[in-house]
Structures are given as structure tokens and as C-alpha cells.
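Encoded as C-alpha cells, the structure appears first; notes follow it.
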Amino acid sequence: MPTQPTDDELELIRQSGVALRVGRLSLSAGTGSYRVKSSMARVATALGIDRHQAHVTLTEITTTSHRGHSFRTEVTEVRSVGINADRLSELERLAGSLAANDRRVTVEEISADLDRIESKPLLYRPAVNALWAAIACAAFAFLNNGGPVEMAAVFVGAWLGQLVRRLLLHRGLNQFGVTMVAAALACLTYLGVVSVVHQLGATETRHAAGYISAVLFLIPGFPLVTGGLDLAKLDFSAGVARLSYALVVLTSAALAVWGVSTIAGLSPDPAVPPAFDPVLLTVLRLIASFVGVLGFALMFNSPWRMAVAAATVGMVANTVRLLLVDADMPAQAAAACAALLVGVLAAVIAPRMRIPRITVSVPAVVIMVPGAAAYRAIFHLSNGDTTQALAYGVQAGLVVIALCIGLAVARMVSDREWAFER
């Protein structure tokens, strides 16, 4: 006959469940597997678990908690993949306080904190969240050599696309299908706005080349960066899964862009850079970079304090990157230098503000992800122009790899847990 679990075993079951809940909330908020494991381990130690081991992928967590001769293995699944920087900060603060105080806590205490964190509503309503995406994409349009007409049309297209995307995702629709709908809607809205402006006689040309910037809110920056960092920690199951997810999201959006381009007879060719005085151009780049990173950070549900920190770091690093490119440095080398600068600045700023480094570094780096090049690669691939597709694809891939390398190196020089394998 089966034996009844002892009181100690029942307590281990409860403690293991709470530690797993911390991991599930962290994973659903979009952080990397390394941080998920670290948060669970800190909570497990505070609860009195002797040893806690975890295997984390993009959507699943398997944990084993040990105490004495007893152990408990559990599995959970996270089907909703998204970003919630405010929740990440709350969970990081909870885990950090437990490690700093080095005190034992009860299951009830941790559960109460987790109930509060999980029930906390999003900081921004859908229309406001879409506004942040629109602001970020408009700034992106300027950095992609767009003018006032392109920026205004991108603003409208990105706002409507992100609004529909968020509303549909909250209804539980398939994420990849929603991505295609949002991309197509943003492109069509952009083209509609520039066509109306042209018909009214406000411009001599249709300014259709900037429509690629209207879908840059769909760039899966968090999975790309965290996936690269997971690989740097030799966590291949999580890293490969995240990068695969990012590639599928990117492909879904790009195919929608290609469909709209084919119907409208357009090609997402790079715009001609505007002629600005070098000093004025640098100032405008600083402003656009700050606004772009701020918009992305707020779109990721960051509190204002956190978003401004990320925007300040991104403003400096992205402008440095653009200046290096202007000085004929290869794009991937400039990206690596900028990402290294982001990582170092985040290591200095984030601890002093008591916020997770990832909530500063990732939004600051997302604006450097070559989304336009990636979209153009899939566009030309869909049209059978493999030479152009390969050129843009290699360019985008090298820059993304360089960004991940820069952030990983910054981690290694500022964090002992990254510098040494354990």
C-alpha cells in the first residue's frame, strides 16, 4: 500500500510549488532562463530547500527541489510569451531582498507577495501602450532617414497596428497570426496616410519608402537578446528556443509586409539620407534615440523611472554606434561596441536604481536591432532575389550576433557569475 507523505514532505511540496510559481511568473514576463533559475534558487534557499535545480526553455520549466533524502520534481508550462518589465522588476526585487537579508521565510509570506505581483494590472491601457509603440517607430523612421511625412504616417500606422495587436493577443488569438494582421494593418495605414497627404497636394511625392518603419514595433528584441545571452551561458535549450521564436515572429511580420508590398507594387528600399549639418544631425540622433528607446521601454510596461534610465543609456550608445558607422567602421563592429557600452552603463546604473539590468539594457539595444534589414531580406527572398536576400540577411544576422556579444562581454567583466562557469 502507498505510504502517506510525512509533514516534512508535505512542506517540501508546498515550498517547491512556490519556487516554481516564481519561475513561471518570471518566464511569462519575458526574462532569460538564467534569471529565471536565479530567482527560483534564491526563493528556494530562503524557504529552506537544500538544493534546487531547474531546466528552463521558452515555455516550460522543470524543477527538482531537494531536502535531506526527499525530493520533489514538478513541471509547468507558460503558453503566453510576452514582456512585462514592471513584473520583472517586482520579482527581481523580491528575490534580491531575500538573498540580501539571508533570512528564512514561510510559504505564506512568499505566496502573499506573489499574489500581489501577479494581480498587479498593466501600467498602461491598450491605447496608451500603442502610443508608446507609435512614438518609438516614428523615432525609428527618422533614424532610417525618413522625413516629417514618413514619421507622421509611421506614427499613425504603428499606433493602430500595436493597438489591434494588443487587443487580439489579450483575447487569446494565435500570436503569429496576430503578428501578420498587425503588420499588414500598420503598412496599409501608413500607405493610406501618405496617399491622402499626396492627394491633398501637401507633397510632390508619395513618400511610400518609409512604410517598413511602421512595423518595427513587431521586432522581437527581447527574445533575440535574451536568447543570445542564454547561449552565452551555455543554456542551449533555452537560447535556441528563444531565437527560433524570434525568427518565426520576424518571418510572420515580414511575410505580411511582403504581401502588402506585392499588392501595392512597392519595394522597401533604403531611403536617401537627408542633408543635415553634422552637429545638427548628431543632436537629432540623440533626441530620436532617446525617444525611440523610451517608447520601446514604456511599450514593455516599464515604469517611467526605469524607462528614462533605459532611454538615457540607449541615447548615448546608439548615437555612438551611428557615429562609428559614419566613420566607416563595419556595422557589426559598431554594434558590438555600442552593446558593450550599454552593458557597462546598465551595470553601473541599474544596481543604484534597484532595477534589473535587463530592463535597462534590452530596450536600449532593441533600437539597434536591424529590423529593416531583416524585413528586406525576407522580402527579397519571397521575390526570389536570393542575392539581395542573402546580403540583407547576413547584414542583419551579423549585427544581432554582435549586439549579443557586446552585452555578454559586458556581463562577464561586471558579474562574477558570468565570468566563471559553475
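The values are calculated or read from the model by the stated rules, or taken from the named source; none is laboratory data. Because the structure is a prediction, the values reported are computed rather than measured. Don't worry about glycine lacking a Cβ; one is built from the backbone with ideal geometry, like all the others, and counts go over all protein chains shown. For accessibility, only protein heavy atoms count, side chains too; no ligands or nucleic acids. Shrake-Rupley method; radii C 1.70, N 1.55, O 1.52, S 1.80 Å.
So here's what we get for this one:
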item	result
Accessible surface of Val75 - all protein chains present, 1.4 Å probe, nearest 10 Å²	100 Å²
Rounded to whole Hz, the Karplus (6.51, -1.76, 1.60) HN-Hα couplings of segment 370-387, x for glycine and proline	x, x, 4, 5, 5, 4, 5, 4, 6, 4, 5, 5, 5, 8, x, 8, 5, 5
Residue-count net charge about Leu173 - beta-carbon cut-off 13 Å; Lys, Arg +1, Asp, Glu -1	+4
Residue order for Phe300, Phe176 - accessible surface, 1.4 angstrom probe, largest first	Phe176, Phe300
Candidate residues Trp418, Trp304, Trp159: accessible-area rank, largest first, probe 1.4 Å	Trp304, Trp159, Trp418
Once exposed loop GluC sites (Glu not before Pro) are cut out (DSSP; at most 13 other Cβ, 10 Å), longest piece of the chain	205-420
Solvent accessible area, Å² - Tyr211, 1.4 Å probe, full protein context	0 Å²
Ellipsoid equivalent to segment 17-123 - semi-axes via the Cα gyration tensor, in Å	21, 17, 11
Whole-Hz ³J(HN,Hα) from phi, Karplus 6.51 cos²θ - 1.76 cosθ + 1.60, for segment 152-164, glycine and proline x	5, 5, 4, 4, 5, x, 5, 4, 5, x, 5, 4, 5
Size of charge dipole - the chain - debye, nearest 20, with Cβ of Lys, Arg +1 and Asp, Glu -1, no other charges	420 debye
Percent accessible area from carbon and sulfur atoms, segment 198-336, protein chains only, probe 1.4 Å	72 percent
Paired Rg and Dmax values of segment 137-228, which use every Cα atom, in angstrom	14.2, 48
Distant-in-sequence amide H partners of Lys233 (H built 1.01 Å from N, under 5 Å)	none
Largest-first ordering by accessible area, 1.4 Å probe, given options Cys137, Cys337	Cys337, Cys137
Sum of -39500 (n - 2.57) over DSSP H runs of 4+, divided by residues of the chain (222 nm, nearest 500)	-24000 deg cm²/dmol
Long-range amide H partners of Glu60 with built H, under 5 Å	Val78
Within segment 1-85, trypsin sites (Lys or Arg not before Pro) in DSSP loop having at most 15 other beta-carbon neighbours inside 10 Å	Arg79
Over the chain - Rg/Rh using Cα atoms and the Kirkwood inverse-distance radius	1.01
Bins of 5 Å, starting at 0 and running to the largest distance - Cα pair percent for segment 323-393	3, 16, 17, 16, 15, 14, 10, 5, 3, 1, 0
Centre separation in Å (Cα based) which lies between segment 139-172 and segment 309-387	19 Å
Selection from Gln15, Thr31, Ile61, by position along the positive dipole direction of segment 1-78 (Cβ)	Thr31
Ile135 accessible area, assembled protein chains, probe 1.4 Å, Å²	50 Å²
Geometric extent, Cα atoms of segment 167-280 - Rg, Dmax (angstrom)	17.9, 57
Residue-normalised accessible area of the chain, expressed per residue, 1.4 Å probe, Å²	44 Å²
